[in-house]
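Take a look at the structure below.
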């Protein structure tokens with residue numbers, strides 16, 4: 001069974017600060033065979049709930065500081081769920097149904113919100129949030145889908161929906177108040193997103209097989225949209241400056257589009 005180093009993780013959360021714990025609440029329910037869970041709380045008014053049904057599921061919750069909430073549910077075989085929270089008023093929700101799915105959520109700051117729902121086998125979600133009032137939500141149904149979200153700054157929002165097999169999303173936001181929505185249905189679709197600056201917005205919709213989308217935004221209030229339906233389409237958007245708008249629509253097979261706005 002996988003095990004995590006509580007002491008080192010706690011130090012990573014808040015650089016060695018310690019809190020006297022009071023008014024924390026933790027609940028663990030396990031039914032099945034060989035399930036394992038660890039809960040560590042240091043601070044005030046933290047809440048942790050962990051439900052495991054099945055076999056050889058593994059989970060860990062670490063909460064340091066105040067008013068953090070983590071809810072984990074696993075149904076199936078060999079799933080792993082990890083939620084680390086340092087700061088105040090952070091919320092993490094993980095739900096997994098199936099087998100050998102993995103979710104890792106790290107939150108450091110205040111008012112952070114992350115949720116991951118995975119149904120199927122061998123799906124992976126990683127969310128790393130550092131800052132204030134960021135929001136990340138992931139829903140995966142299928143097998144071997146992969147999502148990586150990193151948010152640094154204030155007021156970011158990312159939503160990812162994947163349905164199918166071997167779809168991948170890598171989304172990273174720095175600065176403030178970015179928005180991104182990524183929808184993938186099919187097999188082997190890839191989205192790569194980078195947002196810096198402030199108040200940029202992006203939407204990517206992919207349906208089919210082996211479509212690739214790259215979005216890079218810097219500056220202020222840029223808007224980008226990519227729609228791909230078919231197979232083997234490729235689109236790249238690069239925006240810098242302010243108040244730019246770009247849209248790509250690809251239907252069919254093997255189409256290539258590049259947009260650059262400065």
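The values are calculated or read from the model by the stated rules, or taken from the named source; none is laboratory data. If you're wondering where the values come from, they're calculated on a predicted model, not measured in any experiment. Heads up, the Cβs are rebuilt from the backbone with ideal geometry, glycines too, and the neighbour counts pull from every protein chain shown.
Summed over region 61-85, residues that are closer than 15 Å to residue 116 by Cα and surrounded by fewer than 24 Cβ atoms within 10 Å (Cβ to Cβ) total 6. Filtering region 100-113 to residues that are farther than 19 Å from residue 155 by Cβ and either in contact with a helix residue (DSSP H, G or I) (Cβ under 9 Å, 6 or more places away or on another chain) or not in a strand (DSSP E or B) (or both) leaves 100, 101. Exactly one residue among 38, 97 is modelled with pLDDT of 95 or more, outside any loop (DSSP other than H, G, I, E, B), in contact with a strand residue (DSSP E or B) (Cβ under 6 Å, 6 or more places away or on another chain) and crowded, with 17+ Cβ neighbours inside 10 Å, and that residue is 97. When residue 86 is tested against the conditions (1) touching a helix residue (DSSP H, G or I) at 6+ places or on another chain (Cβ under 6 Å); (2) within 15 Å of residue 59 (Cβ to Cβ), the lone failure is (2). For region 147-166, residues that are under 14 Å from the mean Cα position of the chain (by Cα) and under 16 Å from residue 204 (Cα atoms) total 9.
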